[in-house]
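Working notes, structure below.
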Amino acid sequence: MKRIRICIAILLIAAFAAGAPGCASSVKAAGLMDSISPNKVAGKQADRAFIANMADFSIELFAKSIEAERNSLVSPLSVVLALAMTANGADNNTLAQMEKLLGGDIPLTELNAYLYSYAGRLPNADKSRLEIANSIWFRGDGNRLQVEAGFLQRNADYYNAAAFRSAFDARTVSDVNNWVKKSTAGMIDKIINEIDDRLMMILINAVMFDAEWQKVYTRESVRAGDFTKINGAVQNVDFMHSTETTYLEDDMATGFIKPYVGGGYSFAALLPNKGVSIGEYIASLTGEGFLHTIGSAQQTTVFASMPKFKYAYEIKMNDALISLGIPDAFSQPKADFSRMGTSADGNLFISLVLHKTFISVDELGTKAGAVTSVSMAGGGMPQEPKIVHLDRPFIYAIIDNATNLPVFIGTLMTV
């Protein structure tokens, strides 16, 4: 009799909002953490090596995940957290590939410590909230899956991941989606529609961000204007106008930074120069270049305008991650997740990495990501004001100001 292939689906969620009611039903699945409680572990503060590797991963993932004529948005933070949890169950060549993708030359044991400290120190306040939740769901019918206690312990220690044993039936679908809805403040209400019989485990990360602008837009600052879409068509939309103080410029684009309340996050926008397509600009981006552009921002007057926008995005990341260097994890015969557990049905491998995002940018603030406000005192002679009018496709990011890393990064092709 042929052995049934066993799959691990990794569902990555980056969702953002507050104010949406968290009225999801309670989870009915049996918790697996009764005998496992998080140990106190030593973190590792973000340094140049970690920041450089995270920036490379963020930009490479972004470049592989966008669609040519569609608004796109990914949360590198959500993806790296979910995949790092999964890597804690990997071994041998599968582990080596995942380590290289996620940490460069940083081994997983150190990456766990870095991510523990980095996620733990991200600002979270009333008007600038960033909340992270992790969960792991296991098939609990019979003896088809035996989960390694060490795998659960590592993910409890470093990621505060809850674990649930469930029958992987319709009740499980409801439980998972209720957890997702609650963890994203209702902004994403589901991540799965059904559970295949081959599915053994689901690892989920959820990131919820909601921040108010440091200086909100007034009614008078919102005026209609034309936005040229990626296909060349012109649409009339509402533009928000403001005077900012942080100007961005590199060889191929200009932009600005707009801070959120609290100084922990900022919105950064980059508009490719006329004659430079957004595809050409994205192809030129590197992690080092992104950090340099943000880090070398100029303090000067910027007359800025951008459209109000809101959209959702969904992508299956299998192909992107395979091309980025972890093919073995997706290969049933080659994957080695022996440190995660064993199944009587066959070898464990990743069958699906699904990423969902949502963003809303309006007069009051942003529901969508992590942002950093970088403010520097300027001096000298008055300078001619800069003008950045985001009236055609552009790139934006919500950055953590302490590291300049993008917690979310996306493109706006149409409003």
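Under the Kirkwood approximation for Rh and a Cα-based Rg, what ratio Rg/Rh is obtained for the chain? List each step's numbers first, then the result.
Details: Rg = 21.7 Å, Rh = 22.0 Å.
Result: Rg/Rh = 0.99.
What net charge is computed for the residues neighbouring HIS292, neighbours being all others with C-beta under 14 Å from the C-beta of HIS292, Lys and Arg scored +1, Asp and Glu -1? Kindly include the intermediate steps, with their values, before the conclusion.
Details: positive: ARG48; negative: ASP56, GLU249, ASP250, ASP251, GLU288.
The answer is -4.
All other residues with a Cβ under 11 Å from the Cβ of LEU122 taken together, and with Lys, Arg as +1 and Asp, Glu as -1, what is their net charge? If you can, show how the numbers build up before the last one.
On the way: positive: ARG121, ARG129; negative: GLU131, ASP400.
Summing Lys and Arg as +1 and Asp and Glu as -1 gives 0.
Among DSSP beta bridges whose residues both lie in the chain, state the antiparallel percentage, nearest 5. Numbers along the way, then the final one.
Details: 72 of 96 bridges.
In the chain, approximately 75 percent of DSSP beta bridges are antiparallel ones.
Report the relative contact order of the chain, percent, no decimals, based on alpha-carbon pairs under 8 angstrom and at least 6 residues apart. Walk me through the numbers before you get to the answer.
Values: 1026 pairs, mean separation 119.2, N = 415.
Contact order relative to length: 29 percent.
Need one number: % antiparallel among DSSP beta bridges in the stretch 67-213, to the nearest 5.
Details: 13 of 18 bridges.
So the antiparallel bridges in the stretch 67-213 amount to around 70 percent.
Enumerate the calculated ³J(HN,Hα) couplings along the stretch 389-397 in order (Karplus 6.51 cos²θ - 1.76 cosθ + 1.60, θ = phi - 60°), each rounded to whole Hz, writing x wherever the residue is Gly or Pro.
10, 7, 10, 8, x, 9, 9, 9, 8
Under 10 Å from the Cβ of VAL216, count the other residues' Cβ atoms, weight Lys and Arg +1, Asp and Glu -1, and hand me the total.
-2
Pop a pseudo-label 7 angstrom from the Cα along the beta-carbon direction at both PHE303 and GLU363 and give the gap in nm to one decimal.
Going from the PHE303 label point to the GLU363 one covers 2.2 nm.
Too long at a 29 Å Cα-Cα cut-off: which of LYS100/LYS316; LYS64/LYS310; LYS40/LYS64; LYS229/LYS356; LYS44/LYS310? Write down the numbers at each step before the final one.
Working: LYS100/LYS316 21 Å; LYS64/LYS310 22 Å; LYS40/LYS64 36 Å; LYS229/LYS356 23 Å; LYS44/LYS310 36 Å.
Checking Cα-Cα distances, LYS40/LYS64; LYS44/LYS310 exceed 29 Å.
For ARG48 and ALA68 in one chain, what is 0.36 nm times their gap in residues minus the Cα-Cα distance, to one decimal in nm? Please report the intermediate quantities before stating the final value.
Values: separation 20, 0.36 × 20 = 7.20 nm, distance 3.24 nm.
So the extension gain works out to 4.0 nm.
Taking Cα centroids, how far is the stretch 212-243 from the stretch 47-109 in Å?
First find each Cα centre; the distance between them is then 33 Å.
Kindly rank 46-53, 169-176, 395-402 from highest to lowest mean number of other beta carbons found within 10 Å of each residue.
On the way: 46-53: 15.9, 169-176: 17.5, 395-402: 25.1.
Result, highest mean first: 395-402, 169-176, 46-53.
Counting each DSSP H run of 4 or more residues in the chain as -39500 (n - 2.57), what helix-only mean residue ellipticity at 222 nm follows after dividing by all residues, to the nearest 500 deg cm²/dmol? All intermediate terms of the calculation are to be shown ahead of the outcome.
Numbers: 9 runs with 103 residues, N = 415.
Using -39500 (n - 2.57) per qualifying helix, the result is -7500 deg cm²/dmol.
In whole Hz and in residue order, list the ³J(HN,Hα) couplings for the stretch 145-162 that follow from phi through the Karplus curve 6.51 cos²θ - 1.76 cosθ + 1.60, θ = phi - 60°; x for Gly and Pro.
Values, residue by residue: 9, 10, 9, 6, 4, x, 5, 4, 5, 4, 6, 6, 5, 9, 10, 6, 7, 7 Hz.
Using R₀ = 25 Å, calculate the FRET efficiency as 1/(1 + (r/R₀)^6) where r is the Cβ-Cβ separation of ALA149 and ASN92; round to 0.05. Each step should come with its number before you reach the end.
On the way: r = 20 Å, r/R0 = 0.81.
After rounding to 0.05, the efficiency reads 0.80.
How much length, in nm to one decimal, is gained on full extension between SER331 and ASN160, taken as 0.36 nm per residue of separation minus their Cα-Cα distance?
Numbers: separation 171, 0.36 × 171 = 61.56 nm, distance 2.83 nm.
In short, 58.7 nm is gained.
Which ³J(HN,Hα) values, rounded to whole Hz and listed in residue order, are derived for the stretch 336-342 from phi using the Karplus coefficients 6.51, -1.76 and 1.60 in 6.51 cos²θ - 1.76 cosθ + 1.60 with θ = phi - 60°, glycine and proline given as x?
Taking θ as phi minus 60°, the curve returns 10, 10, 5, 7, 8, x, 9 Hz for the stretch 336-342.
Order by neighbour count: LEU81, LEU199, fewest other Cβ atoms within 10 Å first, most last.
Details: LEU81 27, LEU199 19.
Fewest-to-most Cβ neighbours within 10 Å comes out as LEU199, LEU81.
The numbers here are math on the coordinates, done by the rules we state, and not lab data. Since we're looking at a predicted model, the values are computed, not measured. Here the Cβ is made from the backbone with ideal geometry for all residues, glycine too, and neighbour counts use every protein chain on show.
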